Amino acid sequence: MRKSKLLVIGGAGYVGSHFALHAVNRGFHVTIMDNLSKGHLGAVRSQRFVHTDLMDRSGFESHLFENRYDGILHFAASCLVGESVEKPAHYYQNNVIAAFNMLEAMRATGHQKVIFSSTCAVYGVPDSLPIGENHTKQPISPYGRSKLAIEWMLEDYQAAYGIRSAALRYFNAAGCEPSHDLGEDHNPETHLIPTVVRYALGIQKKFTLFGSDYPTPDGTCIRDYIHVTDLAEAHLKALDMLDREPLIRVNLGTGIGLSNKEIVDAVGRVLGRTIHPALGPRRAGDPPELVADAREAQRILNWTPKRSHIDAVVGEVVAWFSKHPNGYHA
Ligand SMILES: NC(=O)c1ccc[n+]([C@@H]2O[C@H](COP(=O)([O-])OP(=O)(O)OC[C@H]3O[C@@H](n4cnc5c(N)ncnc54)[C@H](O)[C@@H]3O)[C@@H](O)[C@H]2O)c1
């Protein structure tokens, strides 16, 4: 039987590289495309690698003319909320216009299926919890707005041109595959788990917990952490489901909320010591609580998270940074 061919755009980044590994392990033939603006060649394994920027529309279109894919996965984006407030133009360009380039090239070359990495940031500050897919979408940052704009574009391209799409709204991606030398290496790192682990291991000297006066039981923000390989499996399920459903929009989370303080405690538990972070003011744009209603994804995709237990997640991140204190850089 012919192996299905997948194009993973942004596959040298954190989530994309874990997806690419998982897809190869599941027997797919994977090509990674990345401009390496944030990604790492060290995160590319046996997959074919193509160094291309999605802003290069004609180059991308030529690639699609020369290579036929059974599915395209779009992980490539700029994704720092704070930066998006300072540089919205970059976010509309690298997220919305680059996604438009991809869709136009798909249209020109007859590619039919795309999976898009969306985000819980499309909901903004929720007025009810857990957050279901039909919750009002009022993103509060250019990053969240750029992602919602792409979701709308995908809906219109499905209706008019028949391009099938799944927009998967991740909550907080977490964990890694240290046994395959894959980890999380963002610069700057704005995610809590790698930051606390780096601080606890002495790789970074300072760590401040932003906000301890939120209306939550311990005063710190609550988030929903979903393992990257659980995310990867949901992508494969969505790809399969696109043969029957032309438009899929689902949350990917566990439905379980953990406070920032509980994450710090989990890192302490795994390392067998108490961690005392500095407490700072709230960070602008951080809603107090973001937890997914994860039932729709479980129903539609027949998928359940299996790797998202927090101590196991933290253990993997500790293992990765213990071996790679500088991430992918030697
Ligand atoms: N990490 C999370 O917790 C999280 C949560 C919600 C949504 N997401 C979404 O998931 C996706 C992946 O996130 P991540 O954490 O892996 O980010 P990342 O920065 O690690 O990966 C993004 C990759 O895309 C590449 N890229 C960016 N612009 C490109 C372009 N124009 N052409 C080609 N390649 C380009 C980067 O070099 C990088 O390798 C993003 O779309 C992000 O918005 C992530």
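When residue 123 is tested against (1) touching a Lys or Arg at 6+ places or on another chain (Cβ under 7 Å); (2) away from the ligand (no atom under 16 Å from the Cβ), exactly one condition is not met: (2).
The condition of being within 11 Å of the ligand (Cβ to nearest atom) and in contact (Cβ under 8 Å) with a residue 24 or more places away in the chain holds for residue 184. Of note, residue 230 does not satisfy the criterion of being in the same structural domain as residue 13 (by TED's automatic domain parsing) and without any contact (Cβ under 8 Å) to a residue 12 or more places away in the chain. Of all residues in region 149-165, exactly one satisfies the criterion of being touching a Ser or Thr at 6+ places or on another chain (Cβ under 9 Å), away from the ligand (no atom under 11 Å from the Cβ) and of a type in the set (A, V, I, L, M, F, W, C), namely 154.
Would you be able to say whether some residue in region 147-164 is of a type in the set (Gly, Ala, Ser), at negative phi and not in a helix (DSSP H, G or I)?
First, the residues of region 147-164 that are of a type in the set (Gly, Ala, Ser): 149, 159-160, 162.
Keeping just the survivors that are at negative phi gives 149, 159-160.
Filter again for not in a helix (DSSP H, G or I), leaving none.
Looking through region 147-164, none of the residues is of a type in the set (Gly, Ala, Ser), at negative phi and not in a helix (DSSP H, G or I).
Just one of (1) of a type outside the set (Asp, Glu); (2) touching a strand residue (DSSP E or B) at 6+ places or on another chain (Cβ under 8 Å); (3) surrounded by fewer than 22 Cβ atoms within 10 Å (Cβ to Cβ) fails for residue 199. It is (2).
Just checking, which of 21, 80 is surrounded by 15 or more Cβ atoms within 10 Å (Cβ to Cβ) and either near the ligand (Cβ under 9 Å from one of its atoms) or closer than 14 Å to residue 102 by Cβ (or both)? Spell out the reasoning first.
Numbers: 21 fails: either near the ligand (Cβ under 9 Å from one of its atoms) or closer than 14 Å to residue 102 by Cβ (or both).
Going through 21, 80 in turn, the sole match is 80.
Could we say that residue 73 is crowded, with 17+ Cβ neighbours inside 10 Å, among the hydrophobic types (A, V, I, L, M, F, W, C) and either more than 12 Å from the chain's Cα centre (by Cα) or under 15 Å from residue 145 (Cα atoms) (or both) here? Answer is no for this residue. Scan region 256-301 for residues that are among the hydroxyl-bearing types (Ser, Thr, Tyr) and closer than 27 Å to residue 232 by Cβ and jot them down. If the condition is that a residue be among the hydroxyl-bearing types (Ser, Thr, Tyr) and closer than 27 Å to residue 232 by Cβ, then 259 is the only one that fits. Residue 207 falls short on exactly one of the conditions (1) crowded, with 21+ Cβ neighbours inside 10 Å; (2) not assigned by TED's automatic domain parsing to the domain that holds residue 241, and that condition is (1).
Can you tell me how many residues in region 187-210 are of a type in the set (A, V, I, L, M) and either away from the ligand (no atom under 16 Å from the Cβ) or part of a strand (DSSP E or B) (or both)? Selection size over region 187-210: 4. Scanning region 125-135 turns up at least one residue that is under 19 Å from residue 283 (Cα atoms), surrounded by fewer than 20 Cβ atoms within 10 Å (Cβ to Cβ) and not hydrophobic (A, V, I, L, M, F, W, C).
The values are calculated or read from the model by the stated rules, or taken from the named source; none is laboratory data. Because the structure is a prediction, the values reported are computed rather than measured. In this analysis, Cβ positions are derived from the backbone assuming ideal geometry, glycine residues included, and neighbour counts consider all displayed protein chains.
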